[in-house]
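Asks: Below are the structure tokens for one structure; questions will follow.
The values are calculated or read from the model by the stated rules, or taken from the named source; none is laboratory data. In this text, all values refer to a predicted model and were calculated from it rather than measured experimentally. Cβ placement follows ideal geometry from the backbone for every residue including glycine, while neighbour counts extend to all protein chains displayed.
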Amino acid sequence: MNKKHKSISYAKWGYIFIIPFFVVYIIFSLIPTLSTFYYSFFNKGFDPVSFEEYEKFVGFDNYVKLLSFEGGTNRFFSYFGNTMIMWVLGAVPQLLFSLLLAVIFTSARLRIKGQRFFKTVIYMPNLIMAASYALLFIGLFSDVGPINVLIKAISGDTFRFLADPWGARGVIAFVNFIMWFGNTTILLMAGIMGIDQSLFEAAQIDGASGMQVFTKITLPLLMPILVYVAITSLIGGLQMFDVPQIMRVSDTPTQDTTTMIMWLNNLITGASRQYGMGGAMSVLIFAVTGGLSFLVFKTMVTSPDKVKSKKKAK
Amino acid sequence: MKKRILAALVASAAVLSLAGCNKGGSSSSNSTTSSSGNTSTDASTSSTTSEPTVDAYAEAQKAGTGVFDTAGEGKVFNIWCWNGDFKKYVENSGYKVPDGITIKWNEIPNEGGAYQKQLDAALLKQADAPADEKIDIFLAEADYILKYSNAKVTQDVKKLGVEQWATGYDYTYKAATSADGVLKGVSWQCNPSAFIYRRSIARDVLGTDDPDKVQEAIATWDKLDEVAQKAKDKGYIMFASPLETYRTFANNSKVSYVNNGKFATHDAFNQWLDQAKKYVDNGWSLTYDLWAAEKAAQMDVDGKMMACIGPAWYFNFCMGTAQDKTPGDWAICKGPQAHFWGGTWLLAAEGSDNPKMIADLMNAFTANEQIMEYILKDANEFPNNKNVVKKYAEDPNFGLAFLGGQNHIKVLGDMTDDIVWDTALHTVYDQTFNEDLPNNMLTYLNGTKSKEDAMKAFYDKLDDVTGGSIAHD
């Protein structure tokens, strides 16, 4: 049937069907992106004293301000640091844990029963809004919440997670971990199931151990999916906003949990609405995201080739 | 199943978080529709005193009865607000909207500055907006009212027929007056902030829960310290938050935070910070913020918190745990120093096509005593009308069940004369000074950060808000 359709040229319909996407993309994504670049060269905002909007071309001033070290500190880099710390704290355990789960679920030897059930359960946190999830965890980790009731029963004293720099970062990373490990697991499972089963069978017949199968077959062939997961996770991590924004109680140390996007949000929602500064900030985040993604791509994608060449050498 | 449990947890977390509700109160009031269905005020028309203001007041008492001439008025009256409270009052207080005019409410939640952002944008485009979409009245809070009252986007309401009634509290008018002396709006409420204490703990610590005797025991800051130590000896804490007394100090400051374009902490702030540190270090106060779930938990049956500080809207709308679990075990007294906290004002937008309706609504919600009685009795707020306050303050049978039958109007009414508002001390960034500044001090007060680091975090926030237009150390 498919072949029959392909033989007649319906190509133009293909283009027509994707027009809506491009229209929506140009209006809601491309134009705003370009205008962000444009306004990053302006001092644009609102003066609440005179109640007037202003807009003035300033060239690269906004970028200079963002990247200069005034008094030995730079807020952009320190917030970038916060973002990366919280991303690594959440993403590394998440990747390892998801990989383990994916291998267990797809293992022909183990044949886990009730797979559908487990898949649904681990994916569920992702279905809940990040905001509700963050609120839930504020309750769980508050001084009167269940976690502290447990800690108090054991140690006799409570630990105020969200008021401690590392406690707050840890809880934020943990929430991101819980929310996303199910999604990653399912992606990795799909990746593993895409690997030719005969390779696993051959390895088994040759007497390879589970660990050998994992390091010699699963991991190298899973690399493209792993790269995809790592890069999407990195992009998501650099844009971390909702969870740390909501998991901020008044005594949370802001200098330790503010992410780049949270600062951007502060700039454009503050009384003086610094859109120009926000634009420059967005462009920097764009550059950082692009650069880091490229780096991850380069370092991870070369490795399967190395594996292949090793194999050939053998 | 798991989802259901999660949903229940999420819901409970949401409820906990709601304990920190918006200033101006939430909708949890148990008010019923006003009994004053018939709002005719014939009695007042007979007054023939020679003093012109009294005549004007008698006339103004008829406001809100829907009888003004609507010729030339726009068909749609637009009110911008951030919650449904005022809408509820307008609809239930007996206020009659004149025939031919409908009120359109535009409710934008306050969170993340969304309300002010959209309001500012709309006000800037007011001149080009179609008549039916022009903003007529919008609501503003004490912490940012100056931004609007000083700007060209609001108009002189005296020209529209609104007076500065002698029955209103002076500071509520000062707060809505621009730096050059033009009245831009009014408020239906007045917000003296009281010392709210737990009766059972007061009995244990002081041997009495009588408001007069408790007031005597805590009449000065030094005396409060002594009581705090006594409370600690008995296993209680005076406050759950060191921010509790911030407004008392800050709103009585004689100096502004900003002088010649530069921010500096003033004496009142430093006094507060020293006191707050002392309370935390001595174990007299916990280190939570004003809206923390942990503070609410201290209002529960086994809670140890002796007191908190707040106006009528606070104990009626924001002490949910106490309202549910320990009603009747609370009382109020003046506390060491009188002050106000919060408040919502009605401001008249420039370019409105309903000038008569603006005057009618503003007069109704200040001078119409039937409506103001609704504000007091049904809406559980403290009305901006001395006649109504006097009537209820002198009524021996009037009281709040939550406060064990205490007549809160009498206590709050006695505090109103000491409230001060000096426009010269306020800035358009008051919200940042009154919320972000003390909140950022919590990391210093709980010992996580040094005072310098805590201050640095606030300076960062200040830069974000002001765009660097206000200098600091």
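Asks: Is it fair to say A:Thr158 is assigned by TED's automatic domain parsing to the domain that holds A:Phe97, surrounded by fewer than 18 Cβ atoms within 10 Å (Cβ to Cβ) and assigned to a helix (DSSP H, G or I)?
Replies: Here the answer is no, as A:Thr158 does not meet what is asked.
Asks: Would you mind stating whether B:Ala276 is surrounded by 21 or more Cβ atoms within 10 Å (Cβ to Cβ), more than 22 Å from B:Ala471 (Cα to Cα) and within 14 Å of chain A (Cβ to nearest Cβ)?
Replies: Judged against the criteria, B:Ala276 is a match.
Asks: Of (1) out of contact with any helix residue (DSSP H, G or I) (no Cβ under 6 Å at 6 or more places or on another chain); (2) closer than 30 Å to A:Met262 by Cβ; (3) at pLDDT 90 or above, B:Asp143 satisfies all except one. Which?
Replies: Only one criterion in (1) out of contact with any helix residue (DSSP H, G or I) (no Cβ under 6 Å at 6 or more places or on another chain); (2) closer than 30 Å to A:Met262 by Cβ; (3) at pLDDT 90 or above is unmet by B:Asp143, namely (1).
Asks: Still on this structure, I have one more. Of B:Ala151, B:Ala121, B:Ala114, which residue is free of Cβ contacts under 8 Å to residues at least 40 places away in the same chain, in a loop (DSSP other than H, G, I, E, B) and either within 14 Å of another protein chain (Cβ to nearest Cβ) or among the polar types (S, T, N, Q) (or both)?
Replies: Just a single option satisfies the conditions, and that option is B:Ala151.
Residue-wise test of (1) more than 18 Å from the chain's Cα centre (by Cα); (2) of a type in the set (Lys, Arg); (3) assigned to a helix (DSSP H, G or I).
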{"position": "A:Ile172", "(1), (2), (3)": "no, no, yes"}
{"position": "A:Ile178", "(1), (2), (3)": "no, no, yes"}
{"position": "A:Gly182", "(1), (2), (3)": "no, no, yes"}
{"position": "A:Ala190", "(1), (2), (3)": "yes, no, yes"}
{"position": "A:Ser198", "(1), (2), (3)": "yes, no, yes"}
{"position": "A:Ala202", "(1), (2), (3)": "yes, no, yes"}
{"position": "A:Gly207", "(1), (2), (3)": "yes, no, no"}
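Asks: Then there is this: Could you check the range A:227-286 and list, in sequence order, the residues that are within 13 Å of chain B (Cβ to nearest Cβ), of a type outside the set (A, V, I, L, M, F, W, C), in a helix (DSSP H, G or I) and within 16 Å of A:Ser40 (Cβ to Cβ)?
Replies: A:Tyr275, A:Gly276, A:Gly278
Asks: Out of (1) crowded, with 20+ Cβ neighbours inside 10 Å; (2) within 22 Å of A:Gly236 (Cα to Cα); (3) facing chain B (nearest Cβ under 8 Å), the odd one out for A:Ile128 is which?
Replies: Result: A:Ile128 passes all but (1).
Asks: Something else now. Going by the structure shown, is B:Val428 outside any helix (DSSP H, G or I) and either more than 11 Å from chain A (Cβ to nearest Cβ) or surrounded by 21 or more Cβ atoms within 10 Å (Cβ to Cβ) (or both)?
Replies: yes
Asks: So, B:Asn260, is that one under 26 Å from the mean Cα position of the chain (by Cα) and surrounded by fewer than 23 Cβ atoms within 10 Å (Cβ to Cβ) or not?
Replies: no
Asks: Separate question: Identify all residues within the range B:290-318 that are in a loop (DSSP other than H, G, I, E, B), away from chain A (no Cβ under 13 Å) and crowded, with 23+ Cβ neighbours inside 10 Å; write none if there are none.
Replies: B:Met306, B:Pro311, B:Cys318
Asks: Under the condition of being outside any helix (DSSP H, G or I) and touching a Leu at 6+ places or on another chain (Cβ under 7 Å), which residue from the range B:188-229 is nearest to B:Leu425 (Cα to Cα)?
Replies: Within the range B:188-229, the match that is nearest to B:Leu425 (Cα to Cα) is B:Pro192.
Asks: Which residues, counting only those in the range A:107-123, are in a loop (DSSP other than H, G, I, E, B) and crowded, with 16+ Cβ neighbours inside 10 Å?
Replies: A:Ser107
Asks: Sort through B:Ile470, B:Ile419, B:Ile409 and tell me the only one that's under 30 Å from A:Phe51 (Cβ atoms), crowded, with 17+ Cβ neighbours inside 10 Å and more than 14 Å from every other protein chain (Cβ to nearest Cβ).
Replies: The match here is B:Ile419.
Asks: In the range B:179-215, how many are free of Cβ contacts under 8 Å to residues at least 60 places away in the same chain and among the hydroxyl-bearing types (Ser, Thr, Tyr)?
Replies: So the answer is 1.
Asks: Sticking with this one: What about A:Lys44, is it more than 29 Å from the chain's Cα centre (by Cα) and at pLDDT 90 or above?
Replies: Yes; evaluated as a whole, the condition is true for this residue.
Asks: What are the pairs, 6+ residues apart or on separate chains, where a residue within the range B:447-458 that is in the same structural domain as B:Ser285 (by TED's automatic domain parsing) has its Cβ under 8 Å from a residue that is crowded, with 21+ Cβ neighbours inside 10 Å and of a type in the set (Asp, Glu)?
Replies: B:Thr448/A:Asp251
Asks: Which of the residues spanning the range B:454-467 are in a helix (DSSP H, G or I) and at the interface with another protein chain (Cβ under 10 Å from one of its Cβ atoms)?
Replies: B:Ala454, B:Lys456, B:Ala457, B:Phe458, B:Asp460, B:Lys461, B:Leu462, B:Asp463, B:Asp464, B:Val465, B:Thr466
Asks: What about B:Gly235, is it modelled with pLDDT under 95 and not aliphatic (A, V, I, L, M)?
Replies: In short, no.
Asks: Quick check on my filter: what residues within the range B:124-148 are within 14 Å of chain A (Cβ to nearest Cβ), more than 23 Å from the chain's Cα centre (by Cα) and assigned to a loop (DSSP other than H, G, I, E, B)?
Replies: Correct list: B:Lys125 only.
Asks: Test each condition in (1) assigned by TED's automatic domain parsing to the domain that holds B:Tyr173; (2) within 24 Å of B:Phe239 (Cα to Cα); (3) hydrophobic (A, V, I, L, M, F, W, C) for B:Leu437 and report the one that comes out false.
Replies: Failing condition for B:Leu437: (1).
Asks: I've got another one for you. Does at least one position in the range B:75-85 carry a residue that is assigned to a helix (DSSP H, G or I) and either among the hydroxyl-bearing types (Ser, Thr, Tyr) or on the phi < 0 side of the Ramachandran plot (or both)?
Replies: Yes - at least one qualifying residue is present in the range B:75-85.
Asks: May I pose another question? Any idea which of A:Phe161, A:Phe137 is under 24 Å from the mean Cα position of the chain (by Cα) and more than 9 Å from chain B (Cβ to nearest Cβ)?
Replies: A:Phe161
Asks: Please go through the range B:440-453 and pick out each residue that is at the interface with chain A (Cβ under 9 Å from one of its Cβ atoms) and either basic (Lys, Arg) or surrounded by 22 or more Cβ atoms within 10 Å (Cβ to Cβ) (or both).
Replies: Across the range B:440-453, the qualifying residues are B:Asn440, B:Leu442, B:Thr443, B:Leu445, B:Lys449.
Asks: Counting just the residues of the range B:170-187 that are among the small types (Gly, Ala, Ser) and in a loop (DSSP other than H, G, I, E, B), which one comes out nearest to B:Thr344 (Cα to Cα)?
Replies: If we take residues in the range B:170-187 being among the small types (Gly, Ala, Ser) and in a loop (DSSP other than H, G, I, E, B), then B:Ser187 is nearest to B:Thr344 (Cα to Cα).
Asks: Cβ-Cβ below 9 Å, separation at least six or inter-chain, first residue in the range A:70-87 and assigned by TED's automatic domain parsing to the domain that holds A:Pro244 and under 24 Å from B:Asp473 (Cβ atoms), second surrounded by fewer than 18 Cβ atoms within 10 Å (Cβ to Cβ) and among the aromatic types (Phe, Trp, Tyr): which pairs?
Replies: A:Phe77/A:Phe69
Asks: How about the range B:154-169: which of its residues are surrounded by fewer than 18 Cβ atoms within 10 Å (Cβ to Cβ), part of a helix (DSSP H, G or I) and in contact (Cβ under 8 Å) with a residue 24 or more places away in the chain?
Replies: B:Lys158 - this is the single residue of the range B:154-169 that is surrounded by fewer than 18 Cβ atoms within 10 Å (Cβ to Cβ), part of a helix (DSSP H, G or I) and in contact (Cβ under 8 Å) with a residue 24 or more places away in the chain.
Asks: Being away from every other protein chain (no Cβ under 14 Å), loosely packed, with under 12 Cβ neighbours inside 10 Å and not in a loop (DSSP other than H, G, I, E, B) narrows it down to one residue among A:Ile104, A:Ile16; which is it?
Replies: Exactly one of A:Ile104, A:Ile16 is away from every other protein chain (no Cβ under 14 Å), loosely packed, with under 12 Cβ neighbours inside 10 Å and not in a loop (DSSP other than H, G, I, E, B), namely A:Ile16.
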